[in-house]
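What follows draws every value from the coordinates through simple rules; no lab data is involved. The structure displayed is predicted, hence computed values, not measured ones. Reconstructed Cβ throughout: ideal geometry from the backbone, glycine too, with neighbour counts over all protein chains shown.
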Amino acid sequence: MKIITVLGSPNLDGNTAAVLGWVEDEINAFGHEFERINLYEKEIFGYLGENSPECKDAHEIMQKIIAADAVIISSPLYCFDVSYKVKALYEQFALFSDMKKFKGKKAALLVTAAGSFENNADKVGPIFSKVINCLYFEEAGQLILTKISRDSLDDEVRKDARDFVVNII
Ligand SMILES: Cc1cc2nc3c(=O)[nH]c(=O)nc-3n(C[C@H](O)[C@H](O)[C@H](O)COP(=O)(O)O)c2cc1C
């Protein structure tokens, strides 16, 4: 199985990247393959109105997803939702003319947040579900990690990362 992993954090060495790294280790440990896309290294923009130009980097990502079996989208929680780059990717997905090509592919969400779940991280998962359901993906899980700091990235989170992967493969 080939899985596209999308890092939607600007911090290549941050909390989200650390957990995504564990997820990728587990993908390999189960004998599967991944390809990481660092979204902040790509030129991704959202819808820019009538005559919005084609977002080439978003199209490339979508072609990679179409050639794979699953995608894991990861993001820090920024202002109660995904980062603006992930939101821009959602908009590009919504504009994509060939979205039926995602049919049968799995999509999962990983989020790290400093605060609590209630009144903070409780909307990011339902929004993701709505977006990917419109796009014909099969939802394969959500790992919403709250009260996360560098010190809290322990064995328990590592186990959560493993369970998250088991659900996808
Ligand atoms: C601009 C900004 C906005 C944030 N907004 C929230 C928020 O709404 N709720 C929350 O729990 N944490 C928020 N945080 C904290 C991050 O979600 C948290 O520290 C996350 O683990 C950072 O991941 P990263 O190291 O990949 O950037 C915010 C951080 C930044 C920099």
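Scanning the range 109-125 for residues that are assigned to a loop (DSSP other than H, G, I, E, B) and either more than 6 Å from the ligand (Cβ to nearest atom) or of a type in the set (D, E, K, R) (or both) turns up Ser116, Asp122, Lys123.
On the given criteria, is Ile37 buried (at least 17 other Cβ atoms within 10 Å of the Cβ) and part of a loop (DSSP other than H, G, I, E, B)? So Ile37 fails the test.
Looking at the range 24-32, can you tell me whether even one residue there is among the polar types (S, T, N, Q), closer than 29 Å to Thr146 by Cβ and surrounded by 15 or more Cβ atoms within 10 Å (Cβ to Cβ)? No - not one qualifying residue is present in the range 24-32. Contact map, the range 135-155: first residue over 18 Å from Gly21 (Cα atoms), second residue of a type in the set (A, V, I, L, M, F, W, C) and surrounded by fewer than 17 Cβ atoms within 10 Å (Cβ to Cβ), Cβ cut-off under 7 Å, separation 6 or more or different chains; pairs are Leu135/Met99; Tyr136/Met99. Given the condition aliphatic (A, V, I, L, M), within 13 Å of the ligand (Cβ to nearest atom) and over 12 Å from the mean Cα position of the chain (by Cα), answer yes or no: does some residue in the range 155-167 qualify? Yes, the range 155-167 contains a residue that is aliphatic (A, V, I, L, M), within 13 Å of the ligand (Cβ to nearest atom) and over 12 Å from the mean Cα position of the chain (by Cα). Tallying residues that are within 6 Å of the ligand (Cβ to nearest atom) and part of a loop (DSSP other than H, G, I, E, B) within the range 7-21 yields 3.
Scanning the range 126-154 for residues that are away from the ligand (no atom under 15 Å from the Cβ) and on the phi > 0 side of the Ramachandran plot yields Tyr136, Gly141.
Residues in the range 3-22 that are exposed (fewer than 15 other Cβ atoms within 10 Å of the Cβ) and touching a residue at least 24 places away in the same chain (Cβ under 8 Å): 2 in all. In the range 71-104, of all residues being within 16 Å of the ligand (Cβ to nearest atom) and hydroxyl-bearing (Ser, Thr, Tyr), the one that is surrounded by the most Cβ atoms within 10 Å (Cβ to Cβ) corresponds to Ser75.
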